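The values are calculated or read from the model by the stated rules, or taken from the named source; none is laboratory data. Remember, predicted model here, so these are calculated numbers, not experimental data. Neighbour counts run over all protein chains shown; Cβ positions are idealised from the backbone, glycine included.
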Amino acid sequence: MDPTWLSNAYLVADRAGGTAVFVDSGAPIEPLVAAVQRLEVQVTHLLTTHAHSDHIAHHEELERRFGTTVVADPAEDVAGAEPVGHGEVIETGELRIETLRTPGHSPGMLAFAVNGEVCFTGDTLFAGSVGGTRDAFEDLRRSVMDVLMGLSPDMKVYPGHTEETTIGWEWENNPFVRVWRGVEPEGEERVYVAGAEATLIAWSPDYDGNGKGWVRFADGRDAMIGGSRIERSR
């Protein structure tokens with residue numbers, strides 16, 4: 001995890017001496033390189049959840065050092081990437097990786113479900129929170145509720161920032177998911193976002209400690225906004 005961005009990068013291997021892939025590169029890569037050497041694995045792919053700088057910072061270096069095939073959604077405009085879409089399967093070694101298109105936080109966000117056991121969700125789903133979006137709120141809601149929440153409750157989730165979680169835990173405890181499910185009412189607190197009055201529908205502490213809010217503006221628009229941009233009265 002990068003100490004400033006709090007963004008994660010991962011190495012996923014089928015077994016020692018086998019095959020592996022990277023997921024994102026926005027964290028210090030030395031531990032990943034050390035793990036490659038320790039496990040004596042061949043890295044074949046660099047899976048890109050999305051093209052924000054805190055997730056692709058070391059793409060070129062990893063691609064140069066390991067000769068990986070870079071994979072990304074074409075909407076993310078990652079140079080030299082092999083385009084993949086929703087539901088496509090990448091098989092390498094004993095890894096079976098299903099690509100799940102989950103736009104909202106970014107236009108072409110991808111999640112990667114590996115061997116039906118773990119899912120790398122990028123910045124769509126975090127432990128106790130979801131990704132921010134101002135102009136694609138409904139896309140984010142569909143990505144979380146119709147795609148990710150449809151996975152097995154036991155599926156372990158490795159997000160783009162900070163700690164892991166599971167689909168089942170998020171279904172039961174994530175404040176945004178609970179409101180989308182209808183098991184919690186929408187909030188009514190009046191707040192301001194950049195001077196514009198809005199209603200705070202739901203709130204989460206979020207991964208960075210600043211919180212995140214689902215807000216609804218006077219014109220009916222919904223947005224998922226970082227807490228530092230929301231002025232609350234209490």
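Side notes on the structure shown:
- The number of residues in the stretch 194-212 being assigned to a strand (DSSP E or B) and out of contact with any helix residue (DSSP H, G or I) (no Cβ under 6 Å at 6 or more places or on another chain) comes to 7.
- Those strands (runs of 3 or more DSSP E) of the stretch 1-110 in which at least 2 residues are under 24 Å from ASP206 (Cβ atoms), considering only elements entirely within it, cover 95-101.
- For the stretch 48-88, taking the residues that are more than 17 Å from the chain's Cα centre (by Cα) and hydroxyl-bearing (Ser, Thr, Tyr), the one that is farthest from PRO103 (Cα to Cα) is identified as THR68.
- Applying a threshold of 9 Å to beta carbon distances and a minimum spacing of six or more residues, or different chains, the list of pairs starting in the stretch 71-99 at a residue that is under 22 Å from LEU151 (Cβ atoms) and ending at one that is of a type in the set (Phe, Trp, Tyr) and part of a strand (DSSP E or B) reads VAL71/PHE112; ILE90/PHE112; ILE97/PHE112; GLU98/PHE112; THR99/PHE112.
- Within the stretch 101-141, restricting attention to residues that are of a type in the set (D, E, K, R) and at pLDDT 95 or above, the residue that is nearest to GLU163 (Cα to Cα) is ASP123.
- Test result for THR19, within 22 Å of GLU164 (Cβ to Cβ) and among the hydroxyl-bearing types (Ser, Thr, Tyr): no
- Any chance ALA72 is of a type outside the set (Asp, Glu), buried (at least 22 other Cβ atoms within 10 Å of the Cβ) and closer than 17 Å to ALA9 by Cβ: yes
- Residue selected from the stretch 176-193 under the condition within 26 Å of the chain's Cα centre (by Cα) and hydrophobic (A, V, I, L, M, F, W, C), by the criterion farthest from ASP222 (Cα to Cα): VAL183
- Lone qualifier among THR19, THR48, THR44 - being closer than 21 Å to GLU76 by Cα and either outside the structural domain of GLU82 (by TED's automatic domain parsing) or surrounded by fewer than 20 Cβ atoms within 10 Å (Cβ to Cβ) (or both): THR44
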